[in-house]
Structure formats: C-alpha cells, structure tokens
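Student: One structure coming up, written as structure tokens, with questions to follow.
The values are calculated or read from the model by the stated rules, or taken from the named source; none is laboratory data. This is a predicted model, so every value here is computed, not measured. All Cβ positions, even for glycine, are placed from backbone atoms using ideal geometry, and neighbour counts span all protein chains on display. Protein only, heavy atoms only, side chains kept; ligands, DNA and RNA dropped before computing areas. Shrake-Rupley method; radii C 1.70, N 1.55, O 1.52, S 1.80 Å.
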Amino acid sequence: QVQLVESGGGLVQAGGSLRLSCAPSRNIFSLNAMGWYRQAPGKQRELVAVIMSDGSTNYADPVKGRFTISRGIGKNTVLLQMNSLKPEDTAVYYCKGVLRATTYWGQGTQVTVSS
C-alpha cells in the first residue's frame, strides 16, 4: 500500500507559476514510476508528466517546455514545476505512483489559472 499526499495547488494568474509536491509513504526510489495527471470539469483524466525509476521523464504535448517533473533534492517527494500557466491548465491535479503492477492515486489538488 502506498499513500500519496499532494500539496501546492492554488489560484494564479495566467503567466504565473506554481509548484506541486507529492510525498509518497515509501521511498520514492522503490516505486516504478511517479507522475502527475489532471482532470478538468467534464473531461477525462489525462497525463501531464511522468518520471520513471531510472529518472527518465515524459510530458504531454500541451505542457512541454512549461512544466518540469523532478525528484525533490534531499526530500522524498516528486515535484511538478509549472511555469507560464494558462487558463486551460485549470484542473484538479493528481499524483500517481506505480509499485509493481499496482497504481496508487493521491487525493488531488486544485489548480486554477485566471485570465
């Protein structure tokens, strides 16, 4: 069992920045992958970014060049740095962890970008 606790959401104006943090209940390096997904009202949950156990990363096209996923230095966390935010980035952002064949989700954190 893995618990994931997210933090860092909020309200920001377009062009601004936010940083999300996800803290798993076990060592981050023991997980096969961690990632961020988002779900806007009336839409399906979609991938934002993922970081694998080997450190490789992958991003959805809409966020490439604006968002960066990384492991926290000295902290057991995964960070999502979001820059140049747009109103269309407004959504609930969920942290996802994969341990062997099981997927775990955090409770979600709201990100709202005003125009």
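Student: Keeping all protein chains in place and using 1.4 angstrom, which order do S25, S114 fall into by accessible surface area, from largest down? If you can, show how the numbers build up before the last one.
Tutor: Numbers: S25 65, S114 40 Å².
Putting S25, S114 in descending order of accessible area: S25, S114.
Student: May I pose another question? Using a cut-off of 18 Å between alpha-carbon atoms, which lysines can reach K86, once sequence neighbours fewer than 8 places away in the same chain are excluded?
Tutor: Partners within reach: K43, K64.
Student: Computed over the Cα atoms, what is the radius of gyration of the chain divided by 2.2 N^0.38 Å, N being its residue count?
Tutor: 0.99
Student: Can you tell me the accessible area per residue over the chain, all protein chains present, probe 1.4 angstrom, in square angstrom?
Tutor: 53
Student: Now a separate question. Computing the accessible area with a 1.4 Å probe over protein heavy atoms, can you report the carbon and sulfur percentage for the chain?
Tutor: Of all accessible area on the chain, carbon and sulfur atoms account for 49 percent.
Student: May I ask which residue of V12, Y37, N58 lies farthest towards the positive end of the charge dipole of the stretch 1-81, with charges of +1 (Lys, Arg) and -1 (Asp, Glu) on Cβ and the Cα centre as origin?
Tutor: Farthest towards the positive pole: V12.
Student: Starting from 0.36 nm per residue, how many nanometres of slack lie between M52 and S84 once their C-alpha separation is accounted for?
Tutor: Computed gain between M52 and S84 is 9.0 nm.
Student: Cα centroid distance between the stretch 1-52 and the stretch 64-115, in Å?
Tutor: Cα centroid of the stretch 1-52 versus Cα centroid of the stretch 64-115: 3 Å apart.
Student: Roughly how big is the chain's charge dipole about its Cα centre, with Cβ charges of +1 (Lys, Arg) and -1 (Asp, Glu), in debye to the nearest 20? Spell out each step's value before the answer.
Tutor: Working: 12 positive and 6 negative charges, 32 e Å.
Using Cβ point charges on Lys, Arg, Asp and Glu, the chain gives about 160 debye.
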